[in-house]
Amino acid sequence: MKQPPRNISKSRFCVGLQCLRRLWWEVHEPDAPELQVDPRQQAIYDRGHRVGELARTQFLGGTLVDFEPWEVRERLEATQAALRDGTNVVFEASFAAGGVFAALDALEKRRRGWGLVEVKATLDVKEQHLPDIAVQLYAARAAGLDVRRAEHMHLNRECAFPHLDALFVREEVTAAAEALLPAIPRQVRQMREALDGKLPQIEPGEQCDTPYDCPFARRCQPELPEHHVSTLYQARRPKLAAWLEAGIEVLHDLPDDTPLSPAQTRQVRAVKAGRLVVEDGLSAALRAIEHPAAFLDFETINPPVPVWNGCHPYEAIPVQMSCHVVGGRGRVEHHAHLPDEPGDPRAALAEAVVEACEGARTVVAYNAGFEGRCLEHLAVAVPRLARPLRSIRGRLVDLLPIVRDHVYHPDFGGGFGLKAVLPSLVPGLGYDDLDVADGDTASTLLEGLLLAPEKLKPPERTVLRKQLLAYCERDTRALVELTQRLRAVAESA
Ligand code: SF4
């Protein structure tokens, strides 16, 4: 077994706080398949790095300790040299002391002592950031540095492009970080002992997804039987725990008089009967969809650093759409828009949506609140089209509650997302044949395509565009076929 490094890095310290078993695997199996970084995670890391680099520009001057993560000795020496040189700000100042290695995003000289600044690509201070900051404070102080202040620097949700001078805000968290200091020596000792021993035996629990999802969940958590009680729609943890305690493991075992919500009751009925359950009101609910009907779907990006007028950090910005229009005699037309030019795509997108939905009596979406917000965003960004865009929003009909309140198939698995309901209601129409098969991936790829096109070669861009167009088209075709299927089911019911 490879000997782990003696000092625990601050990121591993945070992992160890979540679960010693997870820490053990991360240290002893650094090449584990669960730890391989996929393109989506890489995109998240890249965002964090970009935000970190931008944050450095907010300081007056500064010396960067610029070495690779594994060049620990060089980092420590360069930090000491920068401190000796009388630098006012040191970026990535590194300390190894008290059993911990920590690199600080920024270390700032103050009138008295030093202040550390932790940069996060978030919109506020989160509870889980505090141990991260505390362990930096601990390491720097243990190394003999007089650090008197700790700050959290994050993105400012009020900031709007082009006024990026207000992109960051700094919040003092000294007291909250100091409150965590007394426990750190014991926590470091526990982690050290765990790492020096055999794999810790820890039962799965809340720590498996709090504060972060553990990548090793599959190793620890047993495969659950089909229709396990945890698949009950909107099931609450205390209720689940009580049922499991009472030996109720699958939905079939739930007594008939168990108090449940209407959707949960329908789910249990469907599971116990082993077939699709359809409520009487489905036909009436579907009457809200009048022809010609437009079936609309947007894809969005949410860059941490806004790049177009009026946009805020992480605001969802619609950039792509697909729309199937079904006429009175069942004639179907398809409209799509994906920008091909650099620059703000919203005006062209707004025009494409208005044109596609022109004449539609109903505009159908799945989880239509999202499409409503996209339309409102476009109305604000493109005021000359605000009226028709808001008119489209006024004609939105949400298919999701129609499904949730009237239909359940045992294969829904406790969810009502389009991808959960489509395979069982419209067999043969899914996303498995597509290269881009979910909204998060589409958003990540769109952000790369639109904001960093220079990183893609022209043939790669062409392929990516095709994949994104195919994904968005599938979403609205799915809505058309799902609606047809619901009508058929309602008639036969
Ligand atoms: S799945 Fe849970 S118990 Fe297992 S290593 Fe992860 S956090 Fe620990």
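At-a-glance table
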{"read-out": "Hey, L83 within 16 Å of the ligand (Cβ to nearest atom) and either among the polar types (S, T, N, Q) or touching a residue at least 60 places away in the same chain (Cβ under 8 Å) (or both) or not", "value": "no"}
{"read-out": "Residue list for the stretch 201-212, filter: modelled with pLDDT of 95 or more and more than 7 Å from the ligand (Cβ to nearest atom)", "value": "Q201"}
{"read-out": "Test: residue in the stretch 276-285 that is within 30 Å of H377 (Cβ to Cβ) and open to solvent by 20 Å² or more (accessible area, probe 1.4 Å)", "value": "yes"}
{"read-out": "Counted residues, the stretch 233-250 - those being assigned to a loop (DSSP other than H, G, I, E, B) and within 25 Å of the chain's Cα centre (by Cα)", "value": "4"}
{"read-out": "Number of the condition not met by R266 [criteria: (1) open to solvent by 60 Å² or more (accessible area, probe 1.4 Å); (2) not in a loop (DSSP other than H, G, I, E, B)]", "value": "(1)"}
{"read-out": "The stretch 189-204 residues that are under 17 Å from F216 (Cα atoms), paired with ones that are in a loop (DSSP other than H, G, I, E, B) and away from the ligand (no atom under 13 Å from the Cβ) (beta carbon under 9 Å, 6 or more apart)", "value": "L195/P4"}
{"read-out": "Flag if D146 is open to solvent by 20 Å² or more (accessible area, probe 1.4 Å) and either over 26 Å from Q80 (Cα atoms) or of a type outside the set (F, W, Y) (or both)", "value": "yes"}
{"read-out": "Residue, surrounded by the fewest Cβ atoms within 10 Å (Cβ to Cβ), within the stretch 187-217, restricted to residues that are among the polar types (S, T, N, Q) and under 22 Å from G98 (Cβ atoms)", "value": "Q190"}
{"read-out": "Set A177, A217: member being within 9 Å of the ligand (Cβ to nearest atom), of a type in the set (A, V, I, L, M) and in contact with a Pro (Cβ under 9 Å, 6 or more places away or on another chain)", "value": "A217"}
{"read-out": "Positions within the stretch 254-263 being without any contact (Cβ under 8 Å) to a residue 12 or more places away in the chain and either hydroxyl-bearing (S, T, Y) or assigned to a helix (DSSP H, G or I) (or both), in sequence order", "value": "T258"}
{"read-out": "Selection within the stretch 25-37 - assigned to a helix (DSSP H, G or I) and free of Cβ contacts under 8 Å to residues at least 12 places away in the same chain", "value": "P33"}
{"read-out": "3 or more residues under 30 Å from E34 (Cβ atoms): qualifying helices (runs of 4 or more DSSP H) within the stretch 128-232", "value": "129-142, 184-196, 217-220"}
{"read-out": "Tally of residues being under 20 Å from K272 (Cα atoms), aliphatic (A, V, I, L, M) and away from the ligand (no atom under 16 Å from the Cβ) across the stretch 220-245", "value": "5"}
{"read-out": "Given (1) open to solvent by 30 Å² or more (accessible area, probe 1.4 Å); (2) in contact with a Pro (Cβ under 9 Å, 6 or more places away or on another chain); (3) not aliphatic (A, V, I, L, M), number of the condition D124 does not satisfy", "value": "(2)"}
{"read-out": "Residue within the stretch 22-37 that is at pLDDT 95 or above, within 16 Å of the ligand (Cβ to nearest atom), open to solvent by 60 Å² or more (accessible area, probe 1.4 Å) and of a type in the set (A, V, I, L, M, F, W, C) present", "value": "no"}
{"read-out": "Strands (runs of 3 or more DSSP E) lying entirely in the stretch 297-403 (those with 3 or more residues that are open to solvent by less than 10 Å² (accessible area, probe 1.4 Å) and of a type outside the set (D, E))", "value": "317-326, 362-365"}
{"read-out": "Test: residue in the stretch 225-236 that is of a type in the set (G, A, S), out of contact with any strand residue (DSSP E or B) (no Cβ under 8 Å at 6 or more places or on another chain), at pLDDT 95 or above and open to solvent by less than 100 Å² (accessible area, probe 1.4 Å)", "value": "no"}
{"read-out": "Only listed residue being in contact (Cβ under 8 Å) with a residue 60 or more places away in the chain and within 16 Å of the ligand (Cβ to nearest atom), chosen from R47, R40, R12", "value": "R12"}
{"read-out": "Some residue of the stretch 50-68 being closer than 30 Å to G439 by Cα, charged (D, E, K, R) and more than 16 Å from the ligand (Cβ to nearest atom)", "value": "yes"}
{"read-out": "Tally, over the stretch 151-177, of residues that are basic (K, R) and out of contact with any strand residue (DSSP E or B) (no Cβ under 6 Å at 6 or more places or on another chain)", "value": "1"}
{"read-out": "Qualifying residue in the stretch 425-434 (condition: touching an Asp or Glu at 6+ places or on another chain (Cβ under 6 Å), over 16 Å from V319 (Cα atoms) and crowded, with 17+ Cβ neighbours inside 10 Å)", "value": "yes"}
{"read-out": "Boolean, P313 is of a type outside the set (G, A, S) and modelled with pLDDT of 95 or more", "value": "yes"}
{"read-out": "Among residues of the stretch 127-143, those that are touching a strand residue (DSSP E or B) at 6+ places or on another chain (Cβ under 7 Å) and surrounded by 22 or more Cβ atoms within 10 Å (Cβ to Cβ), counted", "value": "7"}
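The values are calculated or read from the model by the stated rules, or taken from the named source; none is laboratory data. Nothing here was measured: the structure is a model prediction, and the numbers come from that model. When we count neighbours, we look across all protein chains shown, and the Cβ atoms used for this are built from the backbone with ideal geometry, even at glycine. What goes into the accessible areas is simple: the full protein's heavy atoms, side chains included, and nothing from ligands, DNA or RNA. Shrake-Rupley method; radii C 1.70, N 1.55, O 1.52, S 1.80 Å.
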